[in-house]
Amino acid sequence: MKVGVLTGGGDCPGLNAVIRAVVRRGSTEYGNEFIGYRDGWRGPLEGSSIELGVDQVRGILPRGGTILGSSRTNPIGEEGGIERVRQQLAADGVDGLIAIGGEDTLGVAQALFEAGLPVVGVPKTIDNDLGATDYTFGFDTAVNIAMEAIDRLHTTAESHHRVLIVEVMGRHAGWIALHSGLAGGANVILIPEQDFDLEAVCRHIENRFSDQFAPIVVVAEGAKPIGGFPKADEGKTDAFGHSRLGGVAHWLEAEIEERTGKEARATVLGHVQRGGTPTAFDRVLATRFGLHAIAAVNEGHWGSMTALKATSIELVPLSEAVDELKTVPEELYREAEVFFG
Ligand code: F6P
């Protein structure tokens, strides 16, 4: 059996661990051959691939990024896209495809499955916002990077009696902000699921200063004040129609300085959260996803996706993962509020 593998969407630490596990188990246990498609859906769409075998996956477990490359190419948005993917897979003699990605990549995988193609999905995203799995790999690494940054910002904030605002990733879901903010002892955490009251944020900040400490505000890039921002953003979008976010921390910096009279500084962590070596948790989760994905391919479980349920890896329908975004429940956010101010 020949198996195609691709990684699509924003990269994250652990992608190489999945590829390695797929190839190692597929080669030794099932006698599979592999083809690696380059840059997500661009690979099968344009016939761009690399040789993939045990030699190519040696030593890649601790490496961030993806040896296959990634992109946000969307075949559904292209004229005859699905048909072109089908023809390329047939030309390459591919019997099954493993698509490793987030909501967009897996949405395409689901559409291909509905069009009759043999696809299995593996969920990834630092945002942890995919339904049907308790965690996605990449998230734990991103949270640890953000937590370490918050730890460092505490000390400089206190030296200078400043407010430090840390902007983390999270377009629609505040998982990274919530977990890194809790782990790092933030004084305010702002997430996309709960529009914030700027006056309340400023009260928390003033309260923190009155305790002789300098406040840390952790804000997800998708968070917004009640009533929205006064100015609309510039509206740059990717192939899946998502706007490019970033900037809320700088907006807060100016507002907080004006309203509290305290000095404020913004730190935008950006793509630092997606780079570098995965944590042990992410390496193990990604490896287990890879082992189960190649088994699913060899057993013909098309249209399924690997998912973490408590401590077990299970197969769920791809549709479940893409139907609904997994956002932070209000009661979980309320727990974190105990530490605000
Ligand atoms: O989906 C993962 C993610 O890291 C989001 O948190 C973020 O909004 C987006 O990707 C950034 O995408 P890009 O790297 O394309 O700017």
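Restricted to segment 192-211, and to residues that are hydrophobic (A, V, I, L, M, F, W, C) and touching a residue at least 40 places away in the same chain (Cβ under 8 Å), which residue is farthest from Gly170 (Cα to Cα)? Taking the candidates together, the pick is Phe209. Do we have Ile126 as under 25 Å from Arg288 (Cα atoms) and either outside any loop (DSSP other than H, G, I, E, B) or touching a Ser or Thr at 6+ places or on another chain (Cβ under 6 Å) (or both) here? Answer is no for this residue. Of the residues examined, Asp134 is one that is surrounded by fewer than 21 Cβ atoms within 10 Å (Cβ to Cβ), of a type in the set (Asp, Glu) and not in a helix (DSSP H, G or I). On inspection, Asp95 fails the criterion of being surrounded by fewer than 24 Cβ atoms within 10 Å (Cβ to Cβ) and without any contact (Cβ under 8 Å) to a residue 60 or more places away in the chain. Here Glu199, Glu148 are screened, and the one residue that is of a type outside the set (A, V, I, L, M), part of a helix (DSSP H, G or I) and more than 26 Å from Ala254 (Cβ to Cβ) is Glu148.
Among the residues in segment 274-291, are any small (Gly, Ala, Ser), under 30 Å from His160 (Cα atoms), surrounded by fewer than 20 Cβ atoms within 10 Å (Cβ to Cβ) and touching a residue at least 60 places away in the same chain (Cβ under 8 Å)? Yes, that holds for at least one residue.
Within this structure, Gly170 fails the test of being touching a residue at least 24 places away in the same chain (Cβ under 8 Å), within 16 Å of Ala293 (Cβ to Cβ) and not in a helix (DSSP H, G or I). Only one of the listed residues (Glu324, Glu299, Glu337) is closer than 29 Å to Pro215 by Cα and surrounded by fewer than 19 Cβ atoms within 10 Å (Cβ to Cβ). That residue is Glu337. Of all the residues that make up segment 113-132, how many are touching a helix residue (DSSP H, G or I) at 6+ places or on another chain (Cβ under 7 Å), within 15 Å of the ligand (Cβ to nearest atom) and not aliphatic (A, V, I, L, M)? Total satisfying the criteria: 6.
Each reported figure results from applying straightforward, stated rules to the coordinates on display, with no laboratory input. Worth saying up front: this structure is predicted, and the values here are computed from it rather than measured. Neighbour counts run over all protein chains shown; Cβ positions are idealised from the backbone, glycine included.
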